[in-house]
1. Can you pull the one-decimal nm distance between simple spin-label points at Asp34 and Glu199, each 7 Å off the Cα toward Cβ?
2. When ligands, DNA and RNA are left out and all protein chains stay put, how many square angstrom of accessible area per residue does region 69-155 have with a 1.4 Å probe?
3. Can you tell me the length gained on complete extension of the stretch Phe130 to Arg86, counting 0.36 nm per residue apart and subtracting the Cα distance?
4. If packing is taken as the average number of other Cβ atoms within 10 Å across a peptide's residues, how do 42-49, 114-121 rank, most packed first?
5. In whole Hz and in residue order, list the ³J(HN,Hα) couplings for region 42-52 that follow from phi through the Karplus curve 6.51 cos²θ - 1.76 cosθ + 1.60, θ = phi - 60°; x for Gly and Pro.
6. Listed highest first by mean packing, meaning other Cβ atoms within 10 Å per residue, what order do 61-68, 132-139 come in?
Amino acid sequence: MMRHSFRPWGDMTWVLDHIQSQRWAFVGAASMEDRCTATVENLLGRAAVGSSLIFRIQDAQSRYFDEVELKTAQNEQRIAAMGLARMTLSRRHLLGRHGAIATDIDKFFNEQPDDSLVIDISSLPKKVFFLLIRKALERPNSLQNIIVTYTEPDSYCKSPLAENPEVWNPLPGFLPPRSEPADKTLIIGLGYEPLGLPELYSSGIFSNAKS
């Protein structure tokens with residue numbers, strides 16, 4: 001695959017059929033969401049899986065902590081039972097330092113021999129998957145094929161999906177210092193939860209930005 005000129009998108013099975021690779025490395029997450037196992041199940045059904053890195057990111061303490069941990073443990077067991085040949089499990093804290101996560105990613109890329117990679121971002125926190133994808137794209141000589149998957153849930157919870165957000169900061173791997181442009185344009189894409197975005201916008205940092 002010419003990775004800079006061929007960028008297909010669509011159903012994962014269709015994409016796999018159009019890439020001449022029979023063996024894939026895999027990175028994903030064990031989480032409370034049942035969909036965290038979907039990509040692994042589909043990939044194992046269609047291709048050989050070499051090395052795999054599974055993140056289990058522990059959330060901060062909350063009233064839902066015990067319930068989340070129980071469900072996450074169940075899905076971790078489901079993934080382990082699928083028979084991934086060389087699976088590395090990385091247990092990290094959501095609010096911990098990102099250096100350990102970066103080390104896990106670098107170690108995985110340095111030691112796994114496959115040149116094709118599937119990254120499932122369905123249940124990976126953004127602080128993990130943005131850093132992961134950046135590091136993957138920085139290895140053009142060792143990774144020839146990269147597929148990023150996202151599994152849609154059957155439905156979303158009608159109650160809030162998160163609470164008590166921290167102050168917004170740059171994602172790991174994208175930290176300052178950087179030069180501030182004189183002419184700023186602020187682009188906002190809203191998902192299901194604003195999580196502190198209104199407070200950031202009203203802080204005055206973007207008072208001179210176009211919107």
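1. 3.5
2. 55
3. On the way: separation 44, 0.36 × 44 = 15.84 nm, distance 2.38 nm.
Stretched out fully, the Phe130 to Arg86 stretch lengthens by 13.5 nm.
4. Numbers: 42-49: 16.0, 114-121: 21.6.
By packing density, highest mean first, the sequence is 114-121, 42-49.
5. Running phi through 6.51 cos²θ - 1.76 cosθ + 1.60 with θ = phi - 60° gives 5, 5, 5, x, 10, 7, 7, 10, x, 7, 9 Hz.
6. Details: 61-68: 11.0, 132-139: 16.1.
Put in order of decreasing packing, that is 132-139, 61-68.
The values are calculated or read from the model by the stated rules, or taken from the named source; none is laboratory data. Computed from a prediction, not measured in an experiment: that's the story for all the values here. Cβ coordinates were reconstructed from backbone atoms using ideal geometry, including for glycine residues, and neighbour counts include every protein chain displayed. Note: accessible area is taken over every heavy atom of the protein model, side chains too, but ligands, DNA and RNA are not part of it. Shrake-Rupley method; radii C 1.70, N 1.55, O 1.52, S 1.80 Å.
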